[in-house]
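Asks: One structure, pasted below without further comment.
The values are calculated or read from the model by the stated rules, or taken from the named source; none is laboratory data. The shown structure was predicted, so the numbers you read here are calculated from the model rather than taken from an experiment. Quick reminder, even Gly has a Cβ in these numbers, built from the backbone with ideal geometry, and neighbours come from all protein chains shown.
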Amino acid sequence: MWLKKQCNQLLKYPQFCTRISFRKQSTQYNADTIPHIPEPEYDINFLCNPSNRDTIFNNIKARKAIGDIDKVLELSGKPEFKKSFLHELNKIPNQTDPRVLTYGEQPRILKQCGHEPKFDFKPQEFSTLATNLNAFKSQLLGSLIGTRGYLFLGDLAQLEEALIHFTVKKLMKHGFKLVSVPDIIPTEVIERCGLITDNGRNLVYNLSPFYEGDYSLSGTAEMSLAYKVMNSLFDSEDLPLKMAAVSRCFRAEISNLLHEKNLYRVHQFTKVEMFVCSKHEESEEQFQELLSIQENLFSSLNLYLRIIDMPPHDLGSPAYRKIDIEGWMPGRKLYGELSSCSNCTDYQSRRLGIKYKTKNGETLYVHTLNGTACAIPRMLIALCETHQTKHNRIQVPEILLPYMAGKTLIKKQSIAKMKLFKYKPQI
Amino acid sequence: MANCIPHFIRKCAAHKTHNTLKFVNMLLTFKRQYTSALFISQVKGKEYYSFLQPYIDFDERLTNLEKLQQDLTRRGLNLDVKDVKSMWEFYKSVHTNKSKLELRSKEISDKLVPLFTKENLTTDEQAEFTKLKLQISVIKYDLKMIKNTLQELNESILEKLFQLPNELDGKTPIQSPVVLKRVNSLNEPSHSDKKNHIEIGRRLGLLEYRNPMQYYLCNDAALFELGVLSYAGKIFSADNMIRVAGADFSRSLVIDGSGLNHEDPADAFIIDNHSDVDKNSPNRMHLVGGASLISFLAMHAKQLINPTHFPVAYFSTGRQYTPFRPGSNPIGLFTVCQASAVLAFILVKDAKSKEYNEQFERLLNVVCKLYDNICDHYQIVLRSSSELRPWESMRVSFELWSPFSKQYIEVGHISAYGEYFSKRLLIGYKSTNELAFPSVISGTVLSVPRLLGCLLEQNPDKFVIPQKILEYMPIDTSL
């Protein structure tokens, strides 16, 4: 008993002191009600009309999606198979922009912007450049923070903040409302957004079931923002609703591709995201606006870009159309995806109950659109590789100077030198 | 079984040189309650090697029993240090026995080797050979047993000893907290019906609070969040502290090293499906956030720091994720799981040096500068020994008034940790070729949701953004 008692005492001890001790336990802090995730309302009239079968079949085929329209038709109108019917319906992807369907399997480069940077020396890759400047650390951290874990140090961490503030400031000028979102959200919401898996790859980190409810880490603020407006009925005057968020994003996918090593594909990063709820007739216009904001943001950082209309099989389930912007990364000698802009039409809003009332009183599902305004890791790769100097330093783009306390050049950071501590306990 | 153990320890103490195996075997059935991620552990027959093994300093800790006993009592822990010492002495005696057995095994092997190679042994040699072979098989068996036992003891004794709380700093008050400084006086609004910040935030279109896991800051509140972090960054950079954008994930061994219980999902978020983690491994993956102490500990764990670089001073602005403990009472933004926060982390060579105090004061002054510009009234409180968490030796809180809950809320803190973390997580340096451990001063100096909660309640009709923060918000102020 003696040892056990002492041990238990020691075990219990860390929990004695709660992080914050409140003298008065108030029960009067009443929360807003937790929204109930609604049942999806699929476009049954369209999907279950046999005359649309071939269109839908060809769309699924072009997108290389998993849905089976024949199964849907077979189960429709059979109440005893309702569950399987809904399951099959959920697998049918969004429709595809007719222009995109003509592309076949090839992406289409719509536009090239800026000028390719020229160097009179061999430009370095981001990780070499930034590691040598003591501004980036990714080696030997796997056992402590997981593979592909990394740290930004000193001025590079400052550059991250500069990019966020520069981006948000621009978005505010474009009439976006800033929202600070939860990074941990119900797994169900991620499923409804159509973002749980990608070609069978699991994209999402789940939390232990301990946390009352099935929670996962958000892969993009798009999910948290969609969750925020779930079960909403907007007036048509309230649209477009333009929201922006700065959040941490968590991606579980693993890549063994050589060109995706280091910072290019990481499991966690900061991103500024744009999310729009729009009327049907305005969603194309909103899409173009998101795209022009992206082009403008990246161009003002003097990056060499190409704008690519993604082919059907790269759209995932939710997007009706998706345009990526790729930035030239001179060290890697490759283009890398900097942003994505998607019009999901009513795919997400039908699954999350986001509606609006038109002027003539009709209730419709909003179109949701999302676009990356700044995803830090790849933005830093493009930026640092483009603006590196002969002496292996990084020139801060002029437009970011006000956010860098006047620092024009990122030099070697004075980080304490460390080496592996080899030790075996002696007793 | 457990009743035998005190007797067993006394017996061992009385017969130090004796083979303790038969007693030790009794411990093998000791029920395991906790698997440390810091030690080599066996789970379902598979061994998991820890990336690092802590520095063991119980001999030092148990030198001044009186001080240790005093510390434990002051923390409200009912534990007799003499018993702790017995546990440690016993553990050491088993270790000594193991070393002796190993030595003996080597001696016999040395004698055996020539006999093995020699052909045509004499009768005496043959007898010697048989005797030695018998001896070595007995010793090998004993060694195997003692190794197994030590493995069990690591789990039953060593892990428990590692849960001894940190030493208390001489400045930590024993009885009750001490208010060190009160900046301006409390100016209570005259409203008779005070509203809570959730209601105020909702009315002003600034906050949508659902539960501790889910809340949204909207419009000016979201801009305020970015502004206050940026302003804090400016203040810390001006004081030559280096900005770090850290990692959100941490393996269990760092959680264990930080003193938290890595097996308790309410201590740190546990990720269920991380591809790095073997399903049965005790060393799992946790979500902690880049602006957390754990993130900085992970950055330094198992590292020898170049001594010329001390003091090392870092800060981070970003996320902090802390689970909500079931059964406790949610109090809006004061108890949320996700917080944007400012974290400071300083490593000083020697906890006994003047520099340690100076660095603590330096950080305190920098943080005061921050609070001076974000609120009218705050107080700085030195926490009493019973309020400290086991790993803290001293803690200073920055508190703002919450008119609705009628109490001061800790919005930020700075704590001194001495060598607690550096010994557990092998953060060291070489001082004239001697191994030494730096001391940590760190704290979440500001938690944005807590600050926001207090500010909203103090001005229920309008969100008054402090002028300094306004300057650092990402908006065009020229408009």
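Asks: Of the residues A:GLU80, A:GLU88, which is without any contact (Cβ under 8 Å) to a residue 12 or more places away in the chain and not assigned by TED's automatic domain parsing to the domain that holds A:GLY194? Spell out the reasoning first.
Replies: On the way: A:GLU88 fails: without any contact (Cβ under 8 Å) to a residue 12 or more places away in the chain.
Within the list A:GLU80, A:GLU88, the selection yields A:GLU80.
Asks: Would you mind telling me which numbered condition in (1) more than 9 Å from chain A (Cβ to nearest Cβ); (2) within 26 Å of A:ALA157 (Cα to Cα) B:SER250 fails?
Replies: The number of the failed condition is (1).
Asks: Tally up the residues in the range A:121-144 that are assigned to a loop (DSSP other than H, G, I, E, B) and away from every other protein chain (no Cβ under 14 Å), please. First the steps, then the outcome.
Replies: Filtering the range A:121-144 for residues assigned to a loop (DSSP other than H, G, I, E, B) gives A:121-125, A:133-135, A:138-141.
Imposing the further condition that a residue be away from every other protein chain (no Cβ under 14 Å) reduces the set to A:121-125.
Adding up the residues that qualify gives 5.
Asks: Within the range B:189-233, can you find the residues that are touching a Lys or Arg at 6+ places or on another chain (Cβ under 9 Å) and either within 11 Å of chain A (Cβ to nearest Cβ) or part of a loop (DSSP other than H, G, I, E, B) (or both)?
Replies: B:LYS194, B:LYS195, B:LEU204, B:GLU208, B:TYR209, B:TYR216, B:CYS218, B:ASN219, B:ALA222, B:GLY227, B:GLY233 - these are the residues of the range B:189-233 that are touching a Lys or Arg at 6+ places or on another chain (Cβ under 9 Å) and either within 11 Å of chain A (Cβ to nearest Cβ) or part of a loop (DSSP other than H, G, I, E, B) (or both).
Asks: Residue by residue through the range B:111-132, note down the ones that are surrounded by 11 or more Cβ atoms within 10 Å (Cβ to Cβ) and not in a helix (DSSP H, G or I).
Replies: Within the range B:111-132, B:LYS118, B:LEU121 qualify.
Asks: Being at pLDDT 70 or above and loosely packed, with under 14 Cβ neighbours inside 10 Å narrows it down to one residue among A:ILE66, A:ILE56; which is it?
Replies: Values: A:ILE56 fails: loosely packed, with under 14 Cβ neighbours inside 10 Å.
Answer to the selection: A:ILE66.
Every residue, every condition in (1) more than 10 Å from chain A (Cβ to nearest Cβ); (2) surrounded by fewer than 24 Cβ atoms within 10 Å (Cβ to Cβ); (3) within 13 Å of B:VAL288 (Cα to Cα), yes or no:
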| site | (1), (2), (3) |
| --- | --- |
| B:PHE310 | no, yes, no |
| B:ALA313 | no, yes, no |
| B:GLN320 | yes, no, yes |
| B:ILE331 | no, no, no |
| B:LYS349 | yes, yes, no |
| B:LYS352 | yes, yes, no |
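Asks: Check A:GLU273, A:GLU253, A:GLU237 and return the single one that is buried (at least 24 other Cβ atoms within 10 Å of the Cβ) and out of contact with any Pro (no Cβ under 6 Å at 6 or more places or on another chain). Before the answer, list the steps.
Replies: Working: A:GLU253 fails: buried (at least 24 other Cβ atoms within 10 Å of the Cβ); A:GLU237 fails: buried (at least 24 other Cβ atoms within 10 Å of the Cβ).
On inspection, the qualifying residue turns out to be A:GLU273.
Asks: So, one more: Exactly one of (1) facing chain A (nearest Cβ under 7 Å); (2) in contact (Cβ under 8 Å) with a residue 24 or more places away in the chain is unmet by B:ASN240. Its number?
Replies: (1)
Asks: Quick check on this structure: which one of A:ALA375, A:ALA405, A:ALA416 is at pLDDT below 95, among the small types (Gly, Ala, Ser), under 30 Å from the mean Cα position of the chain (by Cα) and closer than 30 Å to A:PRO123 by Cβ?
Replies: Matching residue, one of A:ALA375, A:ALA405, A:ALA416: A:ALA405.
Asks: Got a sec? Which of A:TYR304, A:TYR335 is surrounded by fewer than 24 Cβ atoms within 10 Å (Cβ to Cβ) and out of contact with any Ser or Thr (no Cβ under 8 Å at 6 or more places or on another chain)?
Replies: Every option except A:TYR335 fails the conditions.
Asks: Which one is modelled with the lowest pLDDT among residues in the range B:140-173 that are closer than 30 Å to B:SER415 by Cβ and part of a helix (DSSP H, G or I)?
Replies: Pass one, the range B:140-173, residues closer than 30 Å to B:SER415 by Cβ: B:154-155, B:157-173.
Adding the requirement that they be part of a helix (DSSP H, G or I) leaves B:154-155, B:157-161.
Details: B:ASN154: 79, B:GLU155: 75, B:ILE157: 84, B:LEU158: 83, B:GLU159: 80, B:LYS160: 82, B:LEU161: 87.
Looking at residues that are closer than 30 Å to B:SER415 by Cβ and part of a helix (DSSP H, G or I), I get B:GLU155.
Asks: Any residue at all in the range A:215-224 that's surrounded by 17 or more Cβ atoms within 10 Å (Cβ to Cβ), among the acidic types (Asp, Glu) and in the same structural domain as A:LEU290 (by TED's automatic domain parsing)?
Replies: Scanning the range A:215-224, I find at least one residue that is surrounded by 17 or more Cβ atoms within 10 Å (Cβ to Cβ), among the acidic types (Asp, Glu) and in the same structural domain as A:LEU290 (by TED's automatic domain parsing), so the answer is yes.
Asks: Next up: Considering B:SER137, B:SER176, which residue is part of a helix (DSSP H, G or I) and among the small types (Gly, Ala, Ser)?
Replies: Working: B:SER176 fails: part of a helix (DSSP H, G or I).
Within the list B:SER137, B:SER176, the selection yields B:SER137.
Asks: Here's something else I'd like to know. Report the residue count in the range A:222-261 for those that are of a type outside the set (S, T, N, Q) and within 11 Å of chain B (Cβ to nearest Cβ).
Replies: So in the range A:222-261, the residues of a type outside the set (S, T, N, Q) come out as A:222-223, A:225-230, A:233-235, A:237-246, A:248-254, A:257-261.
Subset that is within 11 Å of chain B (Cβ to nearest Cβ): A:225, A:227-229, A:243-246, A:248-250, A:252-254.
Total satisfying the criteria: 14.
Asks: Also: Among B:GLU119, B:GLU125, B:GLU107, which is acidic (Asp, Glu) and under 30 Å from B:GLN53 (Cα atoms)? So that I can check it myself, show each step before the final result.
Replies: Values: B:GLU119 fails: under 30 Å from B:GLN53 (Cα atoms); B:GLU125 fails: under 30 Å from B:GLN53 (Cα atoms).
Only one candidate qualifies: B:GLU107.
Asks: Out of the residues in the range B:62-110 meeting the condition of being in contact with a Ser or Thr (Cβ under 8 Å, 6 or more places away or on another chain) and not in a helix (DSSP H, G or I), tell me which one is nearest to B:LEU164 (Cα to Cα).
Replies: B:ARG75
Asks: Could you say whether any residue in the range A:279-296 is over 19 Å from A:ASN370 (Cβ atoms), in a helix (DSSP H, G or I), more than 18 Å from the chain's Cα centre (by Cα) and touching a residue at least 12 places away in the same chain (Cβ under 8 Å)?
Replies: The answer is no; no qualifying residue exists.
Asks: Name the one entry in A:GLN294, A:GLN268, A:GLN286 that is within 12 Å of another protein chain (Cβ to nearest Cβ) and among the polar types (S, T, N, Q). First the steps, then the outcome.
Replies: Working: A:GLN294 fails: within 12 Å of another protein chain (Cβ to nearest Cβ); A:GLN286 fails: within 12 Å of another protein chain (Cβ to nearest Cβ).
Residue meeting the stated conditions: A:GLN268.
Asks: Next question. Quick check on my filter: what residues within the range A:405-427 are within 8 Å of chain B (Cβ to nearest Cβ), surrounded by 11 or more Cβ atoms within 10 Å (Cβ to Cβ) and part of a loop (DSSP other than H, G, I, E, B)?
Replies: A:ALA405, A:GLN413, A:SER414, A:ILE415, A:ALA416, A:LYS417, A:PHE421, A:TYR423, A:PRO425, A:ILE427
Asks: Which ranges mark the strands (runs of 3 or more DSSP E) fully within the range B:395-437 that have 2 or more residues being facing another protein chain (nearest Cβ under 10 Å) and out of contact with any helix residue (DSSP H, G or I) (no Cβ under 7 Å at 6 or more places or on another chain)?
Replies: On the way: elements: B:407-418, B:427-431, B:434-436.
Passing ranges, in order: B:407-418.
Asks: Also: Which one is nearest to the chain's Cα centre (by Cα) among residues in the range A:378-399 that are crowded, with 20+ Cβ neighbours inside 10 Å and among the hydrophobic types (A, V, I, L, M, F, W, C)?
Replies: So, considering only residues that are crowded, with 20+ Cβ neighbours inside 10 Å and among the hydrophobic types (A, V, I, L, M, F, W, C), the one nearest to the chain's Cα centre (by Cα) is A:MET379.
Asks: Output the strands (runs of 3 or more DSSP E) that fall wholly within the range B:291-383 and possess 1 or more residues being touching a residue at least 60 places away in the same chain (Cβ under 8 Å) and in contact with an Asp or Glu (Cβ under 8 Å, 6 or more places away or on another chain), or say none. Before the answer, list the steps.
Replies: Working: elements: B:303-305, B:312-321, B:338-348, B:378-382.
The qualifying strands (runs of 3 or more DSSP E) are B:312-321, B:338-348, B:378-382.
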